[in-house]
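This report refers to the structure that appears directly beneath it.
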Amino acid sequence: MKRIIAVLLCVCCIIASMGGCSQQREETGLGNGWEPIGTMELKYAEEFSVDYYEDGYKLITLADDSRFLVVPEGKELPKGISSDIVPLYQPIENIYLAATSAMCLFDALDRLDALKLSGTREDGWYIENAVKAMQNGDLLYAGKYSEPDYEMILDHSCKLAVESTMIGHASEVKEKLESLGIAVLVDQSSHEPHPLGRTEWIKLYGALLNEEEKAEELFLKQVSYLEEVSETERTEKTVAFFHISSSGFVVARKTGDYVSKMIELAGGKYIFDNLGDPETSTSTVTIEMETFFATAKDADYIIYNSTIGGEIGTMEEFLALSDVLKNFKAVQTGNVWCTNKNMFQETMELGQMIKNFHIILTSDDPSLTELEYLHKLQ
């Protein structure tokens, strides 16, 4: 009798396993028997995929398991697709963009016309065309991600909100938008393990707007910057990247963050070997100046993050932040650089940023003081 029960349990497990596989196959397709005719090739990005189907249909799958079916203009939603798939009907327009990192991607594609509403005010943008669009009234402020103006969003026939992962802290907003018939696509580029994985998200937006060829061309240009740097020998020069908060604490990028990875890819060495918890999503660590000084005082280069608290223009302004700074090796050797305001809104240019880092680590030209995303403090 025990043997019979054991056999029956085994059979049940096999059936359950087969059922699970069937469900898994359905979850990776449309669920109606359609087979993809191709898949978008991705070099670095791991947080999304795009599958192509006959007649121009595209299935976008994100790492959070959300799925969107891009329905070509004039086409109908296919019958029998899985209930979790959210349809996006082309032309996709009047988008509410709350994910600031995606603005430069739409801008690079020359498709700001697909946007109508912004989660950032005009004075919060450092992308020239975004500022102009808001000044011209082509792009309107509709409230930040956590407090959107629902009435305004509905009045402008918005059918898609592009959010950052910060929406996870305001889940009720996501639920409200979806209840109003507005699809919510959460840009997860910040979770990409490779810096250029973030840039490769331009291919996702290219798929939404039928701009795949242009997206590929723009992405490969950034890859070429990285390949150019990769062909040179590593300098192993150490770099400290940080800013000082209004309360006097140092806020440094944690080890393994995409900025510290860009420094490594540029041929340098981030000054901290093991700063921060790799399991958390936070990108920075706040530490006391004395603790920071003990590790970073001998760094060959300082890159000060002035995107927070105001851009620093001179060495005098930098040293005024803390009396301790004058004792850093990089200050004494004149190797202090500062980020420009646009750095963290230019996800599209991460390959060029890596090259910028490489240039300051390898150049011995004393007249070099300005780069696209960095300037030297004198």
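All of the numbers you see were taken from the coordinates with simple rules; none came from a lab. Computed from a predicted model, the values in this text were never measured in an experiment. We place every Cβ from the backbone using ideal geometry, glycine too, and count neighbours over all the protein chains shown.
Quarter the surface of the alpha carbon convex hull of the chain and you get the mean projected area, 24.8 square nanometres.
With both labels modelled 7 Å from their Cα along Cα-to-Cβ, the Glu147 to Ser179 distance reads 2.0 nm.
Note on the stretch 30-222: Kirkwood hydrodynamic radius from all Cα pairs is 17.0 Å, rounded to one decimal. Cross-link reach is defined here as a Cα-Cα straight distance under 18 Å, omitting same-chain residues fewer than 8 places apart; for Lys174 the lysines meeting it are Lys144, Lys159.
By its C-alpha gyration tensor, with a ≥ b ≥ c as the square roots of the eigenvalues, how is the stretch 191-238 shaped: rounded for a/c under 1.5, else prolate for a/b larger than b/c, else oblate? Because a/c hits 1.5 or more and a/b fails to exceed b/c, the stretch 191-238 counts as oblate.
Pairs over the 24 Å Cα-Cα cut-off, from the set Lys203/Lys376; Lys75/Lys176; Lys79/Lys214; Lys43/Lys221: Lys203/Lys376; Lys75/Lys176; Lys79/Lys214.
Sort His243, His191 so the one with the fewest other Cβ atoms within 10 Å of its own Cβ comes first. Kindly include the intermediate steps, with their values, before the conclusion.
Numbers: His243 22, His191 15.
Starting with the residue having the fewest Cβ neighbours, the order is His191, His243.
Sorting 48-61, 101-114, 342-355 by their mean Cβ neighbour count within 10 Å, with the most densely packed peptide first, gives 342-355, 101-114, 48-61.
Add -39500 (n - 2.57) for each DSSP H run of 4 or more in the chain, then divide by its residues: what number comes out at 222 nm, to the nearest 500 deg cm²/dmol? Mind dumping the intermediate values first?
Details: 13 runs with 125 residues, N = 378.
Estimated from H runs of four or more residues: -9500 deg cm²/dmol.
For the stretch 108-188, what is the Kirkwood estimate of the hydrodynamic radius, computed as the reciprocal of the mean inverse distance between distinct Cα atoms, to one decimal in Å? Walk me through the intermediate numbers first.
Details: mean 1/r = 0.0761 Å⁻¹.
The answer is 13.1 Å.
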